[in-house]
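So the structure is just underneath, and the comments pick up after that.
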Amino acid sequence: MTAGTLSGTLSGTLYGVGLGPGDPDLMTVKAHRLISGAQVVAYPAPDDGESFARSIAAAIIPPSAREIPIIVPMRVERFPAQAVYTRAAEEIGEVLASGTDVVTLCEGDPFFYGSFMYLFERLSGRFPCEIVPGVTSLTACAARLARPLTARNDVLTVIPGPLPDEEIAARIEAAGAIAIMKVGRHLPRLRRLIEGLGLIDHAGYVERATLPAEKAMPLADVTEAAAPYFSMILIYKGDEAWMLPPQSSS
């Protein structure tokens, strides 16, 4: 990859590369090309266990590439996230200033609830940046449920699961199609809420979409008390007579 220029000074380009929801086959051709030719690869990683982003691209990261893990603790309690991204931006900025490109791996799409935006806001004013979009979990979950996401003039609303019940209920009431993300430990509460709104038969559930451990089924069939972080509930209230698949898959 060739270095870019900024204000006449040779510098590297920061790439935010969407990897898709998990199946390596859902990476774009451009993402594959950039990662397989990278000299420096950055990615988010937990402080315990492997990086999901890195695991998606592991087979094509060059053995000679320098790797910059961005350690982000995966805990319920708050932690100094801004400090984490500031330190990462400083390290990545030094590489870019030397004239070397940095390919940052992003689960899903870099700008759809993606942590890459925190690097972008710190570095885009100083260095060339390019965003490579990826298949989002939103569209992947609709595909795995084998039902359309929304249609015609229906309003699609994306809701983070941790929001309070009152706000979630109001947003569901105002929408024709709904995607509830970040379900995790909120699953029992969200299910009760959806049942209370009379929409349980309109809701589908997907966890770990496109991965070997994937589950996709009607929400009414889910018996677990909690869900993994990578899970989603899709609800359709519009006039189209879409039904969930008669057979659940797991």
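Which distance in Å, rounded to a whole number, links the C-alpha centroids of segment 16-93 and segment 96-127?
Comparing the Cα centres of segment 16-93 and segment 96-127, I get a distance of 10 Å.
Using a simple charge model, +1 on the beta-carbon of Lys and Arg, -1 on the beta-carbon of Asp and Glu, nothing else, what dipole does the chain show about its Cα centre, in debye to the nearest 20?
Details: 21 positive and 28 negative charges, 26 e Å.
With only Lys, Arg, Asp and Glu charged at Cβ, the dipole is about 120 debye.
Whole number in Å², please: accessible area per residue of the chain, 1.4 Å probe, ligands, DNA and RNA not counted.
Values: 12400 Å² over 250 residues.
I get 50 Å² per residue for the chain.
Using a Förster distance of 41 angstrom, determine the FRET efficiency expected from the C-beta separation of Ala225 and Ala97, and round it to 0.05.
E between Ala225 and Ala97, to the nearest 0.05, is 0.25.
Which FRET efficiency value, to the nearest 0.05, do you get for Ala174 and Ala213 by plugging their Cβ-Cβ distance into 1/(1 + (r/R0)^6) with R0 = 45 Å?
0.85
Ranked from highest to lowest mean number of other Cβ atoms within 10 Å per residue, what is the order of the peptides 128-137, 147-156?
Highest to lowest by the protection proxy: 128-137, 147-156.
What does DSSP give for the chain in terms of the percent of beta bridges that are antiparallel, rounded to the nearest 5?
Beta bridges within the chain, antiparallel portion: roughly 45 percent.
Given 0.36 nm per residue, what is the gain on full extension from Thr28 to Ala151 after removing their alpha carbon distance, in nm? If you can, show how the numbers build up before the last one.
Working: separation 123, 0.36 × 123 = 44.28 nm, distance 2.54 nm.
Contour length minus the Cα-Cα distance gives 41.7 nm.
To the nearest 10 degrees, how steep is helix 165-174 against the longest Cα principal axis of the chain, on a 0 to 90 scale?
For 165-174 against the chain, the angle is about 80 degrees.
Under 25 Å from the Cα of Lys215, which lysines turn up, not counting those fewer than eight places away in the same chain?
The reachable lysines, counting only those whose Cα sits under 25 Å from Lys215, are Lys182, Lys237.
Roughly speaking, to the nearest percent, how much of segment 101-243's 1.4 Å accessible area is carbon and sulfur?
Answer for segment 101-243: carbon and sulfur cover 54 percent of the accessible area.
When the expected Rg is taken as 2.2 N^0.38 Å, what fraction or multiple of it is the alpha-carbon Rg of the chain?
Here the answer is 1.10, to two decimals.
The values are calculated or read from the model by the stated rules, or taken from the named source; none is laboratory data. Predicted, not measured: the structure shown is a model, and the values here were computed from it. Heads up, the Cβs are rebuilt from the backbone with ideal geometry, glycines too, and the neighbour counts pull from every protein chain shown. Only protein heavy atoms, including side chains, enter the accessible area calculation; ligands, DNA and RNA are left aside. Shrake-Rupley method; radii C 1.70, N 1.55, O 1.52, S 1.80 Å.
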